[in-house]
Amino acid sequence: MASRHDHDHSHDHSHDHSHDHSHSHDHSHDHSHDCGSDCGHDHDHDHDDDGPHWQVLADPSEVKLRGAKDWSIRWTVLEEGVSAGVELFELKNGPLTLWVSPTRGMGIWRAEYQGIPIGWDSPVQRLTHPRYVDLKARNGLGWLDGFNEMLVRCGLAFNGPPGHDPGARSPVESDLTLHGRIANRPAHDREVDVDPETGNLRLTGIVDECTMFGPQLRLESTINTIVGSNGFEVVDEVTNIGGSPTEFQLLYHTNIGEPFLDAGAQVLCPIAEIAPRDARAAEGLATHNVYQGPTPGFAEQVYYHRLLGDPAGRTVALLRNQAGDRGLSLRFSTRELPCFVTWKCTQLEREGYVTGLEPATNFPNHKSFERKMGRVMTLEPGQTYRSVLRFAVHITAPEVAAVEKEIADLQAQKAPAIHPQPAKGWSVE
């Protein structure tokens, strides 16, 4: 039976977290963990003088996993600056470690595989509590004040640029901000689980994006990783928990920098159709999948794709470095996420040297445009939308080459249709 820890933090997380927390369990390994503010626990706390105060939730001392010794699940609440009150879970499967923040919509802050960082160095250096992110600031671009995760969701009621939406179903939804609210909504009902049969480490959290006279959307996100593996999985279910049909958009802003991104790095994917978002992207269409090194004054370029998949709709995208011996692959279904976006932002490192690989339900244009083009989904009351992302890290040339061959085999179905300018219905009318 799995080992389960349930978390309920209803108190203010900005307090000094050096006191004890309760941890109750029975030795059949079906046990719950409830962190209150005034009770003791019997689990270890790991911390450095200058670092966070970690609580061990599960490790080999209490759950035996076949062939695996160097794994653990830990939890902390950050205490300083704009990070004060941010809850963080660490899932370590041995070679791979994930840091996930329920406080920031179940986003994945960073990852690491065999000492290799997976993510990017944002000018926003610290995990930022949503209380310090004013989405309406900076002319509706306030979302950027908290933008530093490896994986951040954009949605759920809307994503894309800010602005007035004349077609909104409710007046409370007519003024849109950049990329929606979900990344700045804290999760509740967080639960970690260890399955001794499969070796799976799991973290689940529920994030509500609900308002009076507007959308009532609920995200239940599950992050899985198998001990000893080179990958992890994100399983999301979004449900309309209200009584009326509700519009829904979702984009996975997956952000990667060095060492996967460098001068000559490439993004590879089986392309059915591709178009530049705007005139700036059209300038670089001939090298849309090849990256520069850090470049002073570089202005972002964005490309919209429809990808090819296998008969079941399964597809894969790969970011590989110039040498071809480091790669990150991302697998998803074109039936669940029919749009794919690449974001090239190869500016100076201190300004955020990064690329985005972004599967989505829609292209990140203004919602009013996407609605007109039929790419805004509607969820009926009680209806659930499910999407799955699978990430894998590749650290040898043969591993990278194997994924490249898989992409080439999918591409062999047809030659890509390439629009030299922004395409009608994609980003222009």
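The values are calculated or read from the model by the stated rules, or taken from the named source; none is laboratory data. The structure presented is a predicted model; accordingly, all values stated were derived computationally and were not measured. Because the Cβ atoms are built from the backbone with ideal geometry, glycine has one as well, and the counts that use them run over all protein chains shown. Heads up: the accessible areas ignore ligands, DNA and RNA and are worked out on the full protein's heavy atoms, side chains in. Shrake-Rupley method; radii C 1.70, N 1.55, O 1.52, S 1.80 Å.
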query: Going through the stretch 333-344 one residue at a time, which ones are hydrophobic (A, V, I, L, M, F, W, C), assigned to a strand (DSSP E or B) and open to solvent by less than 10 Å² (accessible area, probe 1.4 Å)?
result: Cys339, Phe340, Val341
message: Here is a list: Gly324, Gly313. Which entry is surrounded by fewer than 16 Cβ atoms within 10 Å (Cβ to Cβ) and more than 20 Å from Cys154 (Cα to Cα)?
response: Gly313
- request: Of all residues in the stretch 128-159, count the ones that are not in a loop (DSSP other than H, G, I, E, B) and not polar (S, T, N, Q).
  value: 17
query: If only one of Pro171, Pro196, Pro186 is open to solvent by less than 40 Å² (accessible area, probe 1.4 Å) and over 20 Å from Val388 (Cα atoms), which one is it?
result: Pro196
query: In the stretch 149-172, which residue that is at pLDDT below 95 and out of contact with any helix residue (DSSP H, G or I) (no Cβ under 9 Å at 6 or more places or on another chain) is nearest to Leu135 (Cα to Cα)?
result: Val172
field: Qualifying position, being closer than 21 Å to Gly352 by Cα and crowded, with 20+ Cβ neighbours inside 10 Å, among Asn159, Asn148
entry: Asn148
- request: Say whether the condition of being touching a Pro at 6+ places or on another chain (Cβ under 7 Å), of a type in the set (Gly, Ala, Ser) and surrounded by fewer than 22 Cβ atoms within 10 Å (Cβ to Cβ) is met by at least one residue in the stretch 229-243.
  value: yes
- request: Using the structure shown, decide if Ile241 is among the β-branched types (Val, Ile, Thr) and touching a Cys at 6+ places or on another chain (Cβ under 8 Å).
  value: yes
statement: Reported set for the stretch 127-149 where residues are without any contact (Cβ under 8 Å) to a residue 12 or more places away in the chain and either at positive phi or among the hydroxyl-bearing types (Ser, Thr, Tyr) (or both) is Arg138
field: Every pair of residues 6+ apart whose Cβ atoms lie under 9 Å, when the first sits in the stretch 217-244 and is at negative phi and aromatic (Phe, Trp, Tyr) while the second is open to solvent by less than 50 Å² (accessible area, probe 1.4 Å) and in a loop (DSSP other than H, G, I, E, B)
entry: Phe232/Asn93
field: Residues located in the stretch 42-85, provided they are at pLDDT 95 or above and either in a strand (DSSP E or B) or among the hydroxyl-bearing types (Ser, Thr, Tyr) (or both)
entry: Trp54, Gln55, Val56, Leu57, Ala58, Ser72, Ile73, Arg74, Trp75, Thr76, Val77, Ser83
